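The values are calculated or read from the model by the stated rules, or taken from the named source; none is laboratory data. As the structure is a computational prediction, the values presented were derived from the model and not from experiment. Cβ: placed from backbone, ideal geometry, glycine included. Neighbour counts: every protein chain shown. Heads up: the accessible areas ignore ligands, DNA and RNA and are worked out on the full protein's heavy atoms, side chains in. Shrake-Rupley method; radii C 1.70, N 1.55, O 1.52, S 1.80 Å.
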Amino acid sequence: PVLHPGRPLAPGGESWGAYLARVRAAVDRLVERHAGRRVLIVGHGETITAVSQLLLDLPAEVRAHTSFTSGPACLTHWARRPLPWPPPGGSPGWTLLCHNDVSHLRGER
């Protein structure tokens, strides 16, 4: 199933491609509904992988040879902001500020 994002991961289950489409729709709704505000999404590692893959505009097939480490209770922080180069359409882009951060679990500041 990892090599074929259109195939369900288990019988009767959802394919990776379908999951990406569902996550894309949810993130798009959140960004639109809360434009300019902070949004916290709590999810499993697969959600972090899906959001990262989508914001980096990677194809579904990339999952066959690339992964994102996401430990328990980790933080991944994306920010929508102007990029140093003008993107097509002039809309802000996404910047990854931190990934798999667990410093809060050790009490570090």
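ALA10 passes all but one of (1) in a loop (DSSP other than H, G, I, E, B); (2) under 30 Å from ARG106 (Cα atoms); which number fails? Among (1) in a loop (DSSP other than H, G, I, E, B); (2) under 30 Å from ARG106 (Cα atoms), the lone unmet condition for ALA10 is (2).
Has segment 65-77 got at least one residue that is under 16 Å from the mean Cα position of the chain (by Cα), closer than 24 Å to ALA35 by Cβ, small (Gly, Ala, Ser) and modelled with pLDDT of 85 or more? No, there is no match, as no residue in segment 65-77 is under 16 Å from the mean Cα position of the chain (by Cα), closer than 24 Å to ALA35 by Cβ, small (Gly, Ala, Ser) and modelled with pLDDT of 85 or more. Criterion applied to GLU46, GLU14, GLU32 was being touching a residue at least 24 places away in the same chain (Cβ under 8 Å) and either of a type in the set (S, T, N, Q) or open to solvent by 40 Å² or more (accessible area, probe 1.4 Å) (or both), and the one residue passing it is GLU46. Residue check: LEU54 meets all listed conditions (1) open to solvent by less than 70 Å² (accessible area, probe 1.4 Å); (2) among the hydrophobic types (A, V, I, L, M, F, W, C); (3) part of a loop (DSSP other than H, G, I, E, B) but one, namely (3).
Taking the numbered list (1) assigned to a loop (DSSP other than H, G, I, E, B); (2) modelled with pLDDT of 90 or more in turn, ALA25 passes all entries but (1).
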